[in-house]
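**Student:** The structure that follows is given in the form of structure tokens.
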Amino acid sequence: MSALADEFQPFDVSEPFAFYQRARSEATVFYSPELDYWVVPRYEDVLAILRDPATFSSENAQSPFRPQPPAVERILGSGLSAKSGLLGRNPPDHTRLRSFVNRAFTPRRVAVLEPQIREIAVRMIDSMAPRGRGDWVADLAYDLPALVIFLLLGIPDCDVPNVKAWAQSRVQLNFGNLPEADQVAHAENVVAYWRYCEALVEERFTRPRDDLPSDLVRGYQRGDKSITKDEITALVFGQLTAGHETTTGLLATGFLQLLRNREQWEALCGDPDLIPNAVEELLRFCTPVLAAKRKVRNATTVGDANLPAGANVLLLLGSANHDEAVFPGGEALDVCRPSVGRHLAFGHGIHFCLGAPLARLEAEVVLEELTTRLPHARLVEPQDVPFSRNTTFRSPLQLLVEWDAEQR
């Protein structure tokens, strides 16, 4: 286990899967001194932990790996009224808030977005198509999920650059490994992000709309005081991040892997009926949220390790989704893979991702339009695909693609 810990590079998510495969074969769990976390790589153990919130609390889910410098604590302490919406909450608080937001985040709200998602996708693809070359992160995957979640939350498109930058600051503070000066700058961005969400919620009290924040406010105004204004803001704050960072990762990494595995891309171009299953396989193979944090409430055993109360645990979702014991040939991309829905890309249990239906819908629509409009797309070679350094969110920062514009 010490050898595994020595080779574990938690902040390098560019190509972690060879290490994950080795970890699954050598240990049920290993301790990382760098993080002060017990690391769990196998599907069976990860699933068991996700199913047991009474033993494994999510209270540390959005906590930084190391104590934040006093300057960062001061900035966040003076600017944020609440630090967690749903993910960092445990029952009964989690049950109360999840029940509240479920009333607003309905299947109807997601389903009616499909024509608008398609319009956004077509507009963005048609804009870059005549060039014959583009960056499928900057030109498509980066902005599209933000524009979609903005439809749900009632936010103007012009705010995309700020919201994406603020969300990245939140990711880096919670899951990165930065010097103090950089942390201070990101903390200031996170406070600006919170204040933006506060103002948005406050406006809905006087000017309600047909959007999710207004639904939450309407419930409050009808007399349901089981939620506070700060908690409404925290839910918006959380959904505004989760609703686009993860889907950007799914789209961008999915594009990369489909174009690297040419026969899989061509299969989708030839048979669009494969796309729904392909989205599930991309969620498994390119898991956009590689890891989840938990804290041990009561002394317990994971695999062959005895963990004391208070121990921190890092669940390698990206490793679990490649586990050959559950997904035979799991290191290969197969858009026709059977039973792929067992993946853990959206988590499991009480913290299962609220936005899973929306992420699936976005990915299906974008793949339908791309395979129809740019079937001859191919990776620009050679290229080194860069990834952001953090433990959790895996997404290319750039993906150069070219195609024959005249063959559209």
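**Student:** Within region 191-198, does at least one residue satisfy the condition of being open to solvent by less than 50 Å² (accessible area, probe 1.4 Å), in a helix (DSSP H, G or I), aliphatic (A, V, I, L, M) and modelled with pLDDT of 90 or more?
**Tutor:** Yes, there is a match, as at least one residue in region 191-198 is open to solvent by less than 50 Å² (accessible area, probe 1.4 Å), in a helix (DSSP H, G or I), aliphatic (A, V, I, L, M) and modelled with pLDDT of 90 or more.
**Student:** Out of contact with any helix residue (DSSP H, G or I) (no Cβ under 6 Å at 6 or more places or on another chain), in contact (Cβ under 8 Å) with a residue 60 or more places away in the chain, acidic (Asp, Glu) and part of a helix (DSSP H, G or I): is that true of Asp12 in this structure?
**Tutor:** Taking the combined requirement at face value, the residue does not satisfy it.
**Student:** While we're looking at this one, here's another question. Please specify each residue of region 339-363 satisfying the condition of being under 18 Å from Gln62 (Cβ atoms) and part of a helix (DSSP H, G or I).
**Tutor:** Gly349, Ile350, His351
Results for (1) open to solvent by less than 60 Å² (accessible area, probe 1.4 Å); (2) part of a loop (DSSP other than H, G, I, E, B); (3) under 13 Å from Leu315 (Cβ atoms); (4) in contact with a Phe, Trp or Tyr (Cβ under 7 Å, 6 or more places away or on another chain), shown as yes or no for each residue.
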{"residue": "Leu4", "(1), (2), (3), (4)": "yes, no, no, yes"}
{"residue": "Ala18", "(1), (2), (3), (4)": "no, no, no, no"}
{"residue": "Glu34", "(1), (2), (3), (4)": "no, yes, no, no"}
{"residue": "Phe65", "(1), (2), (3), (4)": "yes, yes, no, no"}
{"residue": "Leu86", "(1), (2), (3), (4)": "yes, yes, no, no"}
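**Student:** Out of curiosity, is Gly249 of a type outside the set (Asp, Glu), at pLDDT 90 or above and either open to solvent by less than 10 Å² (accessible area, probe 1.4 Å) or part of a helix (DSSP H, G or I) (or both)?
**Tutor:** Answer is yes for this residue.
**Student:** Of the conditions (1) within 23 Å of the chain's Cα centre (by Cα); (2) under 24 Å from Thr228 (Cα atoms), Pro92 satisfies every one except a single condition; which number is it?
**Tutor:** So Pro92 meets the others, but not (1).
**Student:** Of all the residues that make up region 1-56, how many are under 25 Å from Leu178 (Cβ atoms) and polar (S, T, N, Q)?
**Tutor:** Result for region 1-56: 3.
**Student:** Run Glu73 past the list (1) without any contact (Cβ under 8 Å) to a residue 12 or more places away in the chain; (2) closer than 24 Å to Ser2 by Cα and report the number of the one that doesn't hold.
**Tutor:** Every condition holds for Glu73 apart from (2).
**Student:** Let me ask you something else. Tally the residues that are without any contact (Cβ under 8 Å) to a residue 60 or more places away in the chain and open to solvent by 10 Å² or more (accessible area, probe 1.4 Å), restricting the search to region 161-173. Before the answer, list the steps.
**Tutor:** So the first thing to find is which residues in region 161-173 are without any contact (Cβ under 8 Å) to a residue 60 or more places away in the chain, and the list is 161-162, 165-166, 169.
In the following step, the residues that additionally are open to solvent by 10 Å² or more (accessible area, probe 1.4 Å) were identified as 161-162, 165-166.
Selection size over region 161-173: 4.
**Student:** Might you check whether a residue that is in a loop (DSSP other than H, G, I, E, B), under 28 Å from Asp210 (Cα atoms) and among the hydroxyl-bearing types (Ser, Thr, Tyr) occurs anywhere in region 101-111?
**Tutor:** yes
**Student:** When only residues in region 336-356 that are touching a residue at least 24 places away in the same chain (Cβ under 8 Å) and in contact with a Phe, Trp or Tyr (Cβ under 9 Å, 6 or more places away or on another chain) count, which is nearest to Ile49 (Cα to Cα)?
**Tutor:** Among those that are touching a residue at least 24 places away in the same chain (Cβ under 8 Å) and in contact with a Phe, Trp or Tyr (Cβ under 9 Å, 6 or more places away or on another chain), it is Leu344.
**Student:** Have a look at Asp157, Asp143, Asp135 and point out the one that is acidic (Asp, Glu) and modelled with pLDDT of 95 or more.
**Tutor:** Answer to the check: Asp135.
**Student:** Only one of Ala48, Ala82, Ala71 is hydrophobic (A, V, I, L, M, F, W, C), at pLDDT 90 or above and either part of a loop (DSSP other than H, G, I, E, B) or open to solvent by 30 Å² or more (accessible area, probe 1.4 Å) (or both). Can you tell me which?
**Tutor:** Going through Ala48, Ala82, Ala71 in turn, the sole match is Ala48.
**Student:** Let me ask something else. Return yes or no: is His322 modelled with pLDDT under 95, closer than 25 Å to Pro145 by Cβ and open to solvent by less than 10 Å² (accessible area, probe 1.4 Å)?
**Tutor:** Numbers: modelled with pLDDT under 95: no; closer than 25 Å to Pro145 by Cβ: yes; open to solvent by less than 10 Å² (accessible area, probe 1.4 Å): yes.
Criteria not met by His322.
**Student:** Looking only at region 20-32, filter to residues that are assigned to a strand (DSSP E or B) and hydroxyl-bearing (Ser, Thr, Tyr); which one of those is most open to solvent (accessible area, probe 1.4 Å)?
**Tutor:** Within region 20-32, the match that is most open to solvent (accessible area, probe 1.4 Å) is Tyr31.
**Student:** Related question: Take the residues in region 189-211 that are among the aromatic types (Phe, Trp, Tyr) and over 12 Å from Leu76 (Cβ atoms), then tell me which one is farthest from the chain's Cα centre (by Cα).
**Tutor:** Checked region 189-211; the qualifying residue farthest from the chain's Cα centre (by Cα) is Phe205.
The values are calculated or read from the model by the stated rules, or taken from the named source; none is laboratory data. Worth saying up front: this structure is predicted, and the values here are computed from it rather than measured. Please note: Cβ atoms are built from the backbone with ideal geometry, for glycine as well, and neighbour counts cover all protein chains shown. Remember, those area values only see protein heavy atoms, side chains included, never the ligands or the DNA or RNA. Shrake-Rupley method; radii C 1.70, N 1.55, O 1.52, S 1.80 Å.
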